[in-house]
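Below is one structure; the comments refer to it alone.
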């Protein structure tokens, strides 16, 4: 019998498998496929203060072993999320979620986070400073001072653990992670998508309406792993590893790099049962690698 | 929605770039006409969504056109190959509003769905009329099956190489109680602009996941943003924005 439980900022999760924001909507629709309470947790669709339709279509393209997405934070806005989405979710989910909070100014980030902080179903705040597909957002993820400022503003008003989700589209991700830690972050989640594009040979034009998007999926796993490794060795707060996780072995590898938990993103878009498969497959993979307690492998590499 | 490993029972070329594939299924997964499925192809990350042509308790078939690398790879697959398929996706058509004389219009890949829908409507005691359109003779499929239904049926090709010359919108002059349509957006738009009869349109679009998670296929409607894959693909004609 292996122990898949992990501890994150004092909260114990049954396992480290968390469905990533933007790939699990607000969760309840997936509950008709399997019991989503099997998951360690999930991060809800990135939510802004106002409703957003997002970017023009096409806003999805394919890469080798990955998907390039340019959704642009479509979401119904914080009021509708709290009034409509969360009540639906509560009927099928009794654990805590990560509330993925987005914004276009430090004030908006802190306001969305503050509203989420009041909700019982929210266990963690994930401050998404790194959406690659909205104008103006990248400054928060690429400037350490701004990343720290957003983190501070959120921490001033919120009580629940704050994870800041970082972008890989920077020169030195460690400096951003450290700035967030200085700003009071309780944890770091990384990475968001990698800037990417495709061109249609027939039309000779970019596939995506806004030309560029963010690549995720197994193609980015080794890059994400490297960044998780670098950040986990540079900060003393927990790190959630995100990027291309597809198998239980990927989960173990990401944890050995220093992640306390993982988020599964792009694979939710091709295999709606991936969360369940990872949770159920994890104990067997642990046994195969002689791991009795999952926490014991965090950062061993 | 259900995930199943389906075996290719048939993969035949109908014309230059049009193929028909028949896959196994363990039980009926398409209770309403207009639902769809999504294949996962080896070496491709995203699934490919397709609409049905025919289906029964142990199999289903569909027609596809080679338009890119994914469909190109499909055209080389053989009988006996297995594919990971998500079955029973989307909402499908609602039959209750059809009236007694609904007109069914299909274009290109959307033609097959109309055959399925016509059979459902017949079971309900309705009198569907059918109009289908293709680019040219070589792309025509399902004609024999449609004709065997013994319903008012008109076949159009853009170049006139089979049936009547022109688009199936020419059939809109006949009297009908309701409209059902599936096909390219340009066809649906032409129908909406020509005919005020209420109806339901099934939309084609590029999808990410096919089950509502990625928000890749959202469209604006009069009711707000809607996901084609999960809230559709069938929408009330009057709720669509053109």
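The values are calculated or read from the model by the stated rules, or taken from the named source; none is laboratory data. In this text, all values refer to a predicted model and were calculated from it rather than measured experimentally. Note that we place each Cβ from the backbone using ideal geometry, even for glycine, and neighbour counts take in every protein chain shown.
In segment B:162-242, which strands (runs of 3 or more DSSP E) lie fully inside it and hold 1 or more residues that are within 14 Å of chain A (Cβ to nearest Cβ) and surrounded by 16 or more Cβ atoms within 10 Å (Cβ to Cβ)? Lay out the reasoning, then the answer.
Numbers: elements: B:178-182, B:199-202, B:218-221, B:224-227, B:234-236.
Answer list for segment B:162-242: B:218-221, B:224-227.
Among the criteria (1) more than 14 Å from chain B (Cβ to nearest Cβ); (2) more than 14 Å from residue A:16 (Cβ to Cβ); (3) buried (at least 24 other Cβ atoms within 10 Å of the Cβ), the one residue A:242 does not fulfil is (2). Within segment A:30-47, the set of residues being in a helix (DSSP H, G or I) and more than 10 Å from chain B (Cβ to nearest Cβ) comprises A:31, A:36, A:37, A:38. Every condition in (1) touching a helix residue (DSSP H, G or I) at 6+ places or on another chain (Cβ under 7 Å); (2) away from chain B (no Cβ under 14 Å); (3) part of a loop (DSSP other than H, G, I, E, B) holds for residue A:24 except the one numbered (2).
From the set of residues in segment B:89-108 that are surrounded by fewer than 23 Cβ atoms within 10 Å (Cβ to Cβ) and under 23 Å from residue B:211 (Cβ atoms), which is nearest to the chain's Cα centre (by Cα)? Among residues in segment B:89-108 that are surrounded by fewer than 23 Cβ atoms within 10 Å (Cβ to Cβ) and under 23 Å from residue B:211 (Cβ atoms), the one nearest to the chain's Cα centre (by Cα) is B:91.
Confirm whether residue B:179 is modelled with pLDDT of 95 or more and touching a strand residue (DSSP E or B) at 6+ places or on another chain (Cβ under 8 Å). For residue B:179, the condition - modelled with pLDDT of 95 or more and touching a strand residue (DSSP E or B) at 6+ places or on another chain (Cβ under 8 Å) - is met.
Tally up the residues in segment B:145-161 that are outside any loop (DSSP other than H, G, I, E, B) and touching a helix residue (DSSP H, G or I) at 6+ places or on another chain (Cβ under 9 Å), please.
As a first pass, look at segment B:145-161 and keep what is outside any loop (DSSP other than H, G, I, E, B): B:145-148, B:153-157.
If we keep only those that are touching a helix residue (DSSP H, G or I) at 6+ places or on another chain (Cβ under 9 Å) too, we end up with B:145-146, B:153-157.
Final tally of qualifying residues: 7.
Here segment B:31-49 is the region considered, the condition is being surrounded by fewer than 21 Cβ atoms within 10 Å (Cβ to Cβ) and more than 14 Å from every other protein chain (Cβ to nearest Cβ), and the residue that is farthest from residue B:232 (Cα to Cα) is B:31.
Taking the conditions exactly as written (crowded, with 16+ Cβ neighbours inside 10 Å and at pLDDT below 95), does residue A:131 satisfy them or not? Steps first, answer last, please.
Values: crowded, with 16+ Cβ neighbours inside 10 Å: yes; at pLDDT below 95: yes.
Judged against the criteria, residue A:131 is a match.
Name the residue, out of A:87, A:51, that is modelled with pLDDT of 95 or more, surrounded by fewer than 24 Cβ atoms within 10 Å (Cβ to Cβ) and within 14 Å of another protein chain (Cβ to nearest Cβ).
On the way: A:87 fails: within 14 Å of another protein chain (Cβ to nearest Cβ).
Testing whether each residue is modelled with pLDDT of 95 or more, surrounded by fewer than 24 Cβ atoms within 10 Å (Cβ to Cβ) and within 14 Å of another protein chain (Cβ to nearest Cβ) leaves just A:51.
Among the residues of segment B:19-30, the ones that are surrounded by fewer than 18 Cβ atoms within 10 Å (Cβ to Cβ) and either in contact (Cβ under 8 Å) with a residue 40 or more places away in the chain or assigned to a loop (DSSP other than H, G, I, E, B) (or both) come to 3 in all.
For segment B:105-144, filtering for residues that are under 22 Å from residue B:160 (Cβ atoms) and touching a helix residue (DSSP H, G or I) at 6+ places or on another chain (Cβ under 9 Å) leaves 18. Looking only at residues in segment B:1-18 that are surrounded by 16 or more Cβ atoms within 10 Å (Cβ to Cβ) and within 18 Å of residue B:142 (Cβ to Cβ), the one that is nearest to the other protein chains (Cβ to nearest Cβ) is B:18. Inside segment A:64-81, residues that are surrounded by fewer than 19 Cβ atoms within 10 Å (Cβ to Cβ), modelled with pLDDT of 95 or more and touching a helix residue (DSSP H, G or I) at 6+ places or on another chain (Cβ under 7 Å) make up a count of 1.
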